[in-house]
Amino acid sequence: MAVVHTDDVVDPLERARSLAPLIAASTGSIDADRRLPEPLVAALKAQGLLHLLLPRAYGGGEVAPARFVEVVEELARHDASTAWCVGQLGVCAMAAAYLTPESARRVFDDGRGILAWGSNASPVTARVEPGGYRVSGGWSFASGGHHATWVGGHCVVADPDGTLRHDAKGHAIGRTLLFRAEEVIWADDWQVLGLRGTGSDSYSVEELFVPDELTLDRDLPSGRLIDAPLYRLRTDQMYSCGFAGVALGVARAMLDALVQLAARKTPRGFRNTLGESPVVQSEIAQLEATLRSSRHFLYGTLAEVWSAANSGELSMTDRIGVRLAATHCIDQARHVANATYHFAGSNAVRANGPFERRFRDLNSIAQQMQGRWSHYETVGRYLLGAEIEPQFL
């Protein structure tokens, strides 16, 4: 199957829309099997949707951040797990900008290779050896990892005797190591409420040697080998915006479904349809305003940041703006979803309906790191001139 690069005639958003029937036909197996079906993965890959953020030099789209978010938002209207995997794997592909051309082509294979990685609560240590690093340890939440050809893990670097290396500010030096998917040991532990189809299992490696050329200084300007505007945004920023786009798409689908339901449903004990209730009319209008304003906030912030990235490195004010917009968007999308679920009444609990799965998915989106309410505290501290920890900004 030929890979369609995103600089071809058909816009990636149109490609995403074209997959709606296939996604709709796959939703049952997505939840039941806890991963995306291979025909759907093949279609996403063929349409170039897993490599929207991969440099053009290596077969990717290198699209503007707003276009990337629009794509995952569109996919999320049909299935959150599909959109989440596109968001996660898409951002992982930004690693190519930090690899030598030879290594990037080896990993991404002109848009045919897929890179996935997860996170870890406790640091994994990579010991320096001649020509590379030796690592044992595990990571969690590798969304889309079962479809990957390469897997990565972020580590702290240690000397051969185990002494951690630190930078001039006393922070442990980190490095992301990449290894072939067949070198990974997977744990079947993704038993969850929502986003079931992301297959976000834990994984580990044992005494694996990783050569220097398959490691990178992720998100550090000093390690960036392709200095295009897109790669002046950090992976954390793209994750936060991408997952906010997933939340927007799910909330939009739920609100649209409520509008359709309200026009035909007459609740038990009522004489008129749900849509004729002044309470419901008012609530739908307010939910529409909430969703639209959150969306405009996110995309407006992305436009500002993209303009800044085209001029140079992002400032801390730019980074704070992304964090605030994405956090607020996820927060408000969850509010819309929960209110919609409530007003749909007993229709909302049916597993084959338009509400139940999306309700689980959106509340799961809001539970992960990008949806933390503590991000508001970080933003507030910055606005008040207090010192902040720049992690996740």
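For the pair SER140/SER222, report the inter-label distance in nm, with labels modelled 7 Å from Cα in the Cβ direction.
So the label points at SER140 and SER222 sit 3.1 nm apart.
What percentages, rounded to whole numbers, describe P(r) for the stretch 337-379 computed over all alpha carbon pairs with 5 Å bin width beginning at zero?
Answer for the stretch 337-379: a P(r) of 5, 23, 23, 16, 12, 11, 7, 3, 0 percent.
With a ≥ b ≥ c taken as the square roots of the eigenvalues of the C-alpha gyration tensor of the stretch 305-393, please select rounded if a/c is under 1.5 and otherwise prolate if a/b is larger than b/c or oblate if it is not?
In terms of gyration-tensor shape, prolate.
From Cα pairs below 8 angstrom and at least 6 apart in sequence, can you work out the relative contact order of the stretch 240-327, rounded to a whole percent?
Details: 54 pairs, mean separation 28.1, N = 88.
Dividing the mean separation by the residue count of the stretch 240-327 yields 32 percent.
Zone of GLU304 (label point 7 Å along Cα→Cβ, backbone N under 19 Å): which residues in the stretch 346-382?
Answer for this model: 375-382.
Per residue Cα convex hull volume for the stretch 41-118, in cubic angstrom?
Taking the convex hull of the Cα positions in the stretch 41-118, it is 80 Å³ per residue.
Do the sum for the chain: with -39,500 (n - 2.57) for every DSSP H run of n ≥ 4, divided by all residues, what is the mean residue ellipticity at 222 nm, to the nearest 500 deg cm²/dmol?
It comes out at -14500 deg cm²/dmol, rounded to the nearest 500.
Could you do me a favour and compute the accessible area per residue for the stretch 140-285, 1.4 Å probe, result in Å²?
That works out to 45 Å² for each residue.
Of the accessible area of the chain, with the probe set at 1.4 angstrom, what percent is carbon plus sulfur?
Carbon with sulfur: 52 percent of the solvent-accessible area.
By average Cβ neighbour count within 10 Å, what is the ranking of 209-218, 303-312 from highest down?
Put in order of decreasing packing, that is 209-218, 303-312.
Report the residue, chosen from SER240, SER200, SER293, that carries the largest GNM mean-square fluctuation when the chain is represented by alpha-carbon nodes joined by springs under 10 Å.
Result: SER293 has the largest fluctuation of those listed.
Treating the stretch 1-94 as a set of equal point scatterers at the Cα positions, no solvent, please give the Debye-formula log₁₀ I(q)/I(0) at q = 0.14 Å⁻¹.
-0.43
Based on the Kirkwood radius over alpha-carbon pairs, what value in µm²/s does the Stokes-Einstein equation return for the translational diffusion coefficient of the stretch 156-306 at 25 °C and 0.890 mPa s?
Values: Rh = 20.9 Å.
It comes out at roughly 117 µm²/s.
Averaged over all directions, how much area does the convex hull of the C-alpha atoms of the stretch 235-345 cover when projected, in nm²?
7.1
Per residue, how big is the convex hull around the C-alpha atoms of the stretch 84-198? Give it to me in cubic angstrom, could you?
Values: hull volume 15.4 nm³, N = 115.
Taking only Cα atoms, the stretch 84-198 has a hull volume of 134 Å³ per residue.
Starting from the amide H of CYS155, placed 1.01 Å from N in the peptide plane, find each other amide H under 5 Å away whose residue is 5 or more places distant or on another chain.
Those qualifying (amide H under 5 Å, at least 5 residues apart or on another chain) are ARG175, THR176, LEU177.
In square nanometres, what is one fourth of the surface area of the convex hull spanned by the alpha carbons of the stretch 18-159? Mind showing how you got there, number by number?
Numbers: hull surface 37.2 nm².
Projected over every direction and averaged, the Cα hull of the stretch 18-159 covers 9.3 nm².
Could you check the simple spin-label distance between ALA42 and GLU183, using points 7 Å along Cα→Cβ, in nm with one decimal?
2.9
Pull out the extension gain between ASP159 and LEU383, defined as 0.36 nm times the separation in residues minus the alpha carbon to alpha carbon distance; nm, one decimal.
76.7 nm
Using only the Cα atoms, work out Rg/Rh for the stretch 169-232, with Rh taken as the Kirkwood radius, to two decimals.
1.07
Starting from the Cα gyration tensor of the stretch 270-331, take the square roots of the eigenvalues, sort them a ≥ b ≥ c, and report rounded, prolate or oblate (rounded when a/c is under 1.5, otherwise prolate if a/b is larger than b/c, else oblate). Please list the in-between numbers first.
Values: a/c = 6.97, a/b = 4.02, b/c = 1.73.
It is prolate, given that a/c is not under 1.5 and a/b is the larger ratio.
To the nearest 0.05, what FRET efficiency results for GLN367 and ALA32 with a Förster distance of 22 Å applied to their C-beta separation? Please report the intermediate quantities before stating the final value.
Details: r = 22 Å, r/R0 = 0.98.
Computed FRET efficiency for GLN367 and ALA32: 0.50.
Relative contact order, percent, of the chain when contacts are C-alpha pairs under 8 Å separated by at least 6 residues?
Working: 726 pairs, mean separation 63.1, N = 393.
With pairs under 8 Å counted, the relative contact order is 16 percent.
About the Cα centre of the chain, what is the dipole size in debye to 20, counting +1 per Lys and Arg Cβ and -1 per Asp and Glu Cβ, all else neutral?
1260
Once you have the alpha carbon radius of gyration of the chain, what is it after dividing by 2.2 N^0.38 Å, with N set to its residue count?
1.01
The values are calculated or read from the model by the stated rules, or taken from the named source; none is laboratory data. Not measured: the values here are computed from a predicted model. Reconstructed Cβ throughout: ideal geometry from the backbone, glycine too, with neighbour counts over all protein chains shown. Accessible surface is based on the protein model in full, side chains and every heavy atom, while ligands, DNA and RNA are left aside. Shrake-Rupley method; radii C 1.70, N 1.55, O 1.52, S 1.80 Å.
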